[in-house]
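Note sheet for the following structure.
The values are calculated or read from the model by the stated rules, or taken from the named source; none is laboratory data. A quick note: this is a predicted structure, and the numbers were derived from the prediction, not measured. Cβ placement follows ideal geometry from the backbone for every residue including glycine, while neighbour counts extend to all protein chains displayed.
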Amino acid sequence: MQEPTVYIVDDDADMRDSLGFLMTTVGLRVAIFASASEFLAAFAPKGPGCLVFDVRMPGMSGLDLYESLVARGEAMPVIFITAFADVPMAIRAMKSGAVEFVEKPFNRQDLLDRVLRAIQVDTQRRKLIADREAVRKRFQRLTKKERDVLELVLSGKPNKSISSSLEITPRAVEMRRANLMKKLEVTSLAELVRLKVGLDLAAEPPLNGRTMLS
């Protein structure tokens, strides 16, 4: 997995420089933008990271920017920073999925800690998604006949019953069962069940980085 990146969007040049320098003090890679439009034109993440957005900016605000990312399926964790916090703004930030909502002036070490936690969340999220995709591809290797056997195996039917249900020989059941176990890279029924349960869970609403860490 690629090196994590902190994406900073702030219309204040001094704040951009300050935030960028702060991130580099702990070895973080940074990408800095002066506006939402500049960020959107360049944003194409290939690895884990964290977004640090100023809320109030000319044109598209930090909140509008993140909501546009969420709408297109990007779930990287975000930390909103503002000098003019109010309750409605904070509520909107949380509903949009903010990991954190930080008021200026902020404690530098506290902000770093929050950014590092957000990166950890995104790294774990991406790894889990990658693992699930690898499992899904294993199941795609199965033929229609192997999937028919798999369905009956998972329903608890023994080979003899499967043979009768599919109108094939017990030997054919054994061969298809052995083939599907090999393709799915499992060696026992228990492993097979766990793999299928994990795949079914992956079909539920996707994991995202919009998790409160505080």
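Any idea which residue in segment 20-38 is farthest from Gly49 (Cα to Cα), counting only those that are buried (at least 19 other Cβ atoms within 10 Å of the Cβ) and without any contact (Cβ under 8 Å) to a residue 40 or more places away in the chain? Working first, answer last.
Looking only at segment 20-38, we keep the residues that are buried (at least 19 other Cβ atoms within 10 Å of the Cβ), and these are 22-23, 28, 33, 36.
Next cut, without any contact (Cβ under 8 Å) to a residue 40 or more places away in the chain only: 33, 36.
Numbers: Phe33: 15, Ala36: 17 Å.
Top of the filtered list is Ala36.
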Give me the pairs, please: first residue somewhere in segment 169-191 and over 13 Å from Lys145 (Cβ atoms) and assigned by TED's automatic domain parsing to the domain that holds Lys145, second residue anywhere and aromatic (Phe, Trp, Tyr) and surrounded by 11 or more Cβ atoms within 10 Å (Cβ to Cβ), beta-carbon distance under 9 Å, and either six or more positions apart or on two chains. Leu184/Phe139
Out of Val115, Val135, Val153, Val121, sole residue that is touching a residue at least 40 places away in the same chain (Cβ under 8 Å), over 30 Å from Asp14 (Cβ atoms) and part of a helix (DSSP H, G or I): Val135
Among the residues of segment 28-54, what is the count of those that are within 23 Å of the chain's Cα centre (by Cα) and in a loop (DSSP other than H, G, I, E, B)? 7
Consider Arg125 carefully, then state whether it is surrounded by 18 or more Cβ atoms within 10 Å (Cβ to Cβ), modelled with pLDDT under 90 and under 30 Å from Leu195 (Cβ atoms). yes
Segment 1-27, residues that are over 13 Å from Ile79 (Cβ atoms) and within 17 Å of the chain's Cα centre (by Cα): Met1, Gln2, Glu3, Pro4, Thr5
